[in-house]
Amino acid sequence: MRTELPRMGHEVTVCADGLAAVDALSQDAFDCLLVDLNMPGLTGIEVIEEARKISPKTDSIILTGKGTFESAIASIRNHVYDYLMKPCKLVELENLLKRVAEKRDLQNERRALEYQVERLQGSARLIGDSARMQRVNELITRVASTNSTVLILGETGTGKELVARELHDQSKRSAKPFVPINCGALPEHLIESELFGHRKGAFTGADDHRKGLFEVASGGTLFLDEIGELPRAMQAKLLRFLESGEIRRVGENSSIIVDVRVLCATHRNLPEMVANDEFREDLMFRINTFEIELPSLRERIEDLPALAEHLLGRFSSGASARKNISPAAVEVLMGHSWPGNIRELANAIQHATILCDEETILPEHLPNNFDSRRMRNTNSPTLEAVSLRDLEMQAIDQALERNSGNKPKTAEELGISLKTLYNKLNHSILKESA
């Protein structure tokens, strides 16, 4: 077994007696324990009893040439996974270990479902046919089938996790777990344990061996959202994994190899963080093998009607009749600056759905921060008669008004460059003079 099981892909630790086995269990986490019934130090049953206290998730297999009725009862009492009489064929043992591995994978996938609750709230697909979104979809298609690390950039609320889900769903790993984690939402003292796992007793409160999210995502994809919030010490450990494929649980001395694709996202300026010594430069280059920049809602405002309809379908799913949204309400939405992007749009649509008792959502059903009265008092054409360029210029004019004509501030609010703003204004002047 020492020689042949590693050739079959297993990592094997051999112990001279039962006491050494218990000591090994207290140091590292194991998926399976193989014991004989009669051993020096401690018997096989005694080792299994200790294993249940130290590492209750470790499965046990007994191999013995002196099986008795009493030992079989003890095996059942201690939830032994299986019982083989010696001499046994190596293929029989390998089949047993495969079943243990399959059980482990099912447990990992079940735990991974805890991190995918958002999918139950609606479709996790990207919405929009604008040129910017078409480009995003092209990049997703190109890189999804590879194992490359991808860095997803974009403002807060633009849907970076949806891009990560699309990358996973279109990859060869789609049948395995997709595990998202927000690096900024975890307490700094727990993030290492959450990512890499820990052994029992590694720190106060570590009452059991625990697999980290890297192991939970084994074979699949781990999405590290807000990577810019990762503490410096953890940046070094993440870099080590990306370079070696190995992780080390908290409190353990040995490393294990994990097959996981890592996707990262941030709304922060990583080069600026590197310059301020807040982010490791080598890690920045390592996670930026391939970059996808997600546009803000302002930069793809033409997608808003389709996004609003999609969100309306989600929030109306429990109602007796699906609501629709009036052109006037859409026009109000099109004129908003959207600092919170799609997340803000989702909140606005949900608010309107709750407030509206009729079949059609009107401007007055939108949140108070939407100045629908001013929008309706403008002489702008209705949504049916307005072109995309007219709507774009209307949004620019309103932004200029809010910023008292300050073009740099207007460009910053709209999420476009100052040069682009001047080009759009000059185009509008030429159109009017013609």
>> Suppose we filter the stretch 234-293 for residues that are in contact (Cβ under 8 Å) with a residue 24 or more places away in the chain and on the phi > 0 side of the Ramachandran plot; how many remain?
In response: 1
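For the stretch 248-260, state whether one or more residues are among the basic types (Lys, Arg), in a loop (DSSP other than H, G, I, E, B) and surrounded by 16 or more Cβ atoms within 10 Å (Cβ to Cβ). Don't jump to the end; show me each part of the working.
So in the stretch 248-260, the residues among the basic types (Lys, Arg) come out as 248-249.
From what is left, the residues that are in a loop (DSSP other than H, G, I, E, B) are 248-249.
Then keep just the ones that are surrounded by 16 or more Cβ atoms within 10 Å (Cβ to Cβ); that gives 248-249.
Yes, because at least one residue in the stretch 248-260 is among the basic types (Lys, Arg), in a loop (DSSP other than H, G, I, E, B) and surrounded by 16 or more Cβ atoms within 10 Å (Cβ to Cβ).
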> For the stretch 140-159, which residues satisfy the criterion of being at pLDDT below 95 and either crowded, with 20+ Cβ neighbours inside 10 Å or closer than 19 Å to Ile301 by Cβ (or both)?
Replying inline: Gly154, Glu155, Thr156, Gly157, Thr158, Gly159
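Residue-wise test of (1) within 16 Å of Ile342 (Cβ to Cβ); (2) under 24 Å from the mean Cα position of the chain (by Cα).
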site: Leu222; (1), (2): no, yes
site: Leu230; (1), (2): no, yes
site: Lys237; (1), (2): no, yes
site: Arg248; (1), (2): no, yes
site: Asn276; (1), (2): no, no
site: Glu299; (1), (2): yes, no
site: His310; (1), (2): yes, yes
site: Arg322; (1), (2): no, no
> Pick from the stretch 389-411 the residues that are at pLDDT 75 or above and among the charged types (D, E, K, R): which of them is nearest to Glu302 (Cα to Cα)?
Replying inline: Asp397
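Just the residues that are of a type in the set (Ser, Thr, Tyr) and either modelled with pLDDT under 85 or closer than 22 Å to Leu153 by Cα (or both), please, taken from the stretch 201-233.
First, the residues of the stretch 201-233 that are of a type in the set (Ser, Thr, Tyr): 204, 218, 221.
Listed by number, the residues that qualify are Thr204, Thr221.
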> Can you find even one residue in the stretch 283-290 that is modelled with pLDDT of 90 or more, assigned by TED's automatic domain parsing to the domain that holds Val150, of a type in the set (D, E, K, R) and over 19 Å from Gln398 (Cα atoms)?
Replying inline: yes
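In this structure, does Ala346 turn out to be in a helix (DSSP H, G or I) and at pLDDT 85 or above? Step through it out loud before you land on a result.
On the way: in a helix (DSSP H, G or I): yes; at pLDDT 85 or above: yes.
The answer is yes for Ala346.
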>> Please determine whether any residue of the stretch 171-190 is part of a helix (DSSP H, G or I), surrounded by 21 or more Cβ atoms within 10 Å (Cβ to Cβ) and either in contact with a strand residue (DSSP E or B) (Cβ under 8 Å, 6 or more places away or on another chain) or free of Cβ contacts under 8 Å to residues at least 24 places away in the same chain (or both).
In response: no
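Hey, among the residues in the stretch 204-220 that are assigned to a loop (DSSP other than H, G, I, E, B) and touching a strand residue (DSSP E or B) at 6+ places or on another chain (Cβ under 7 Å), which one's nearest to Pro56 (Cα to Cα)? Can you show your working first?
Within the stretch 204-220, the subset assigned to a loop (DSSP other than H, G, I, E, B) is 204-209, 212, 217-220.
Of the ones still in play, those that are also touching a strand residue (DSSP E or B) at 6+ places or on another chain (Cβ under 7 Å) are 206, 212, 217, 220.
Working: Ala206: 13, Gly212: 16, Ala217: 21, Gly220: 25 Å.
Within the stretch 204-220, the match that is nearest to Pro56 (Cα to Cα) is Ala206.
The values are calculated or read from the model by the stated rules, or taken from the named source; none is laboratory data. All values reported here derive from a predicted model rather than from experimental measurement. Every residue, glycine among them, receives a Cβ derived from its backbone with ideal geometry; neighbour counts consider all protein chains shown.
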